[in-house]
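Okay, structure first, notes after.
Please treat every number below as a calculation from the coordinates, not as lab data. Remember, predicted model here, so these are calculated numbers, not experimental data. Glycine gets a Cβ as well: all are built from the backbone with ideal geometry, and neighbour counts include every protein chain shown.
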Amino acid sequence: MDFMFVVFAALALVGGLVMAFHQSIVHSAFGLVASLFGVAGLYWTLGADFLGGLQVLIYVGGITVLLLFAVMLSTRDSTRMAFGRYVLVAPIIGLLGMFLFQVYQGVLQVVTELGSPPGEPEPTTQRFGELFLAREGYLLPFELVAVLLLLVLIGAVTVARRGHGAAGPRRESTT
Amino acid sequence: MTTPLLALQAGAPGTLVGSLSSYLVVSGVLFVLGVATILTRRNALYILMGTELILNAANINFVAFARFGGFGMDGQVMALIVIMLAAAEAAIALAIVLRIFHDFGSIDITRTDSLRD
């Protein structure tokens, strides 16, 4: 389990680094794919088998394909980053890292006091089904998310569709 | 005296790998990488990718605390809801990106300033 943790954590971190620092947006997108897959692996090492599978299906299979389509359809302009901005951003990031470290230390203390030690991981798919379809569980959020996804489906089509009428294309100083 | 960050260990005693704090470190680094991506790029798609990475970092925390804290399934359910909402958010945001590209000829977010004047 520890070995798998190292493998998947390294995958997630290297993917994230590639995404954050590579100059080509296609390489960055594939770095994101690697990172999301690494996160799915981390779910598996945490005993969340169903969640890891869903992560692969939705993120690695769905969202990144959408992203790659958008990359192919839209980026004609340069995606290079200004290295000067890193000089400005670096202190912010450092402070953020230190802040996170402090928060984690506090939270870890609380968890050590309140929580119980982890038991053996067991299959979670049945538990998910029971939780999402039981009235005392998460039935209402589940149904709300379903309605939201339908709205998003219609909304995305409406927004992305080629506008007709007064709101025609207004290309000014392209690229 | 050990610091709290080294206190919770799941695996063999004396190893940090696979403990709660190691998951927190991974998630913290991913979060910071996402923030760095958002702050340094001007391409709208990069900003989207940074957002996805930040959401994933938060999800790792949910699942890790649910496991190591012994808090049952609630953390995993929350992570699943976050995944579903992230899918919705990505679809809408990509539609908006395509719309912006169609209208402005670029997805450089510093050029989409027609509301400014």
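Before moving on, here are some points about what is shown:
- Using R0 = 22 Å, the C-beta based FRET efficiency linking A:HIS22 and B:THR110 works out to 0.55.
- Per-residue 3J(HN,Hα) values for the stretch A:26-39, derived from phi via the Karplus relation 6.51 cos²θ - 1.76 cosθ + 1.60 with θ = phi - 60°, read 5, 4, 4, 5, 5, x, 5, 4, 4, 5, 5, 5, x, 5 Hz in sequence order (x marks Gly and Pro).
- Ordering of A:14-27, B:51-64 by packing is B:51-64, A:14-27, highest average first (other Cβ atoms within 10 Å, averaged per residue).
- Per-residue ³J(HN,Hα) for the stretch A:104-110, Karplus 6.51 cos²θ - 1.76 cosθ + 1.60, θ = phi - 60°, Hz, x for Gly and Pro: 4, 4, x, 5, 4, 4, 4
- For chain B: relative contact order, % (alpha-carbon pairs under 8 angstrom, 6 or more apart): 21
- Degrees between helix B:44-68 axis and first principal axis of chain B (Cα, 0 to 90, nearest 10): 20
- Between the Cα long axis of helix B:74-104 and the first principal axis of chain B there is an angle of about 20°, rounded to the nearest 10.
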